[in-house]
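Please read the structure below before turning to the comments.
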Amino acid sequence: MPWKLIVHSDNTPKEGRNAPLLLWCGALISAQRISEVCLAFFRVGHTHNRLDQRFSVIGSLLTRCKQLETPEDYISHLQLHYRSARDVPA
């Protein structure tokens with residue numbers, strides 16, 4: 001696992017800087033799972049980039065799956081179906 005976690009938020013900083021997120025980041029650091037967390041906030045209305053498109057494609061693939069119980073299920077489903085979905089013209 002990487003030692004630095006970077007969290008990008010496309011919502012307002014108010015929504016990205018909430019107690020559960022900060023507690024989770026603190027727990028990861030105190031458990032020595034990571035050594036540093038960076039919270040980055042995009043400007044509202046300027047986040048429709050390639051990353052958003054990628055999440056949209058992955059989300060669509062996962063909603064079509066009937067059963068996902070383990071992280072390995074997610075990985076194998078995406079490996080089987082991601083390339084064909086990405087190659088289809090919009």
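Assorted remarks:
- The lone criterion from (1) modelled with pLDDT of 85 or more; (2) acidic (Asp, Glu); (3) open to solvent by less than 80 Å² (accessible area, probe 1.4 Å) left unmet by Glu36 is number (3).
- Residue satisfying all of: in region 19-29; within 15 Å of Pro2 (Cα to Cα) and not β-branched (Val, Ile, Thr); most open to solvent (accessible area, probe 1.4 Å) among these: Leu28
- Contacts under 8 angstrom Cβ, first residue in region 18-33 being outside any loop (DSSP other than H, G, I, E, B), partner exposed (fewer than 14 other Cβ atoms within 10 Å of the Cβ), 6 or more apart: Leu21/Val7; Cys25/Val7; Ile29/Ser35; Ile29/Glu36
The values are calculated or read from the model by the stated rules, or taken from the named source; none is laboratory data. None of these values were measured; they are calculated from a predicted model. Counting neighbours? That spans all protein chains shown, and the Cβs are built from the backbone with ideal geometry, glycine included. We work out accessible area using only protein heavy atoms, side chains counted, and drop any ligands, DNA or RNA first. Shrake-Rupley method; radii C 1.70, N 1.55, O 1.52, S 1.80 Å.
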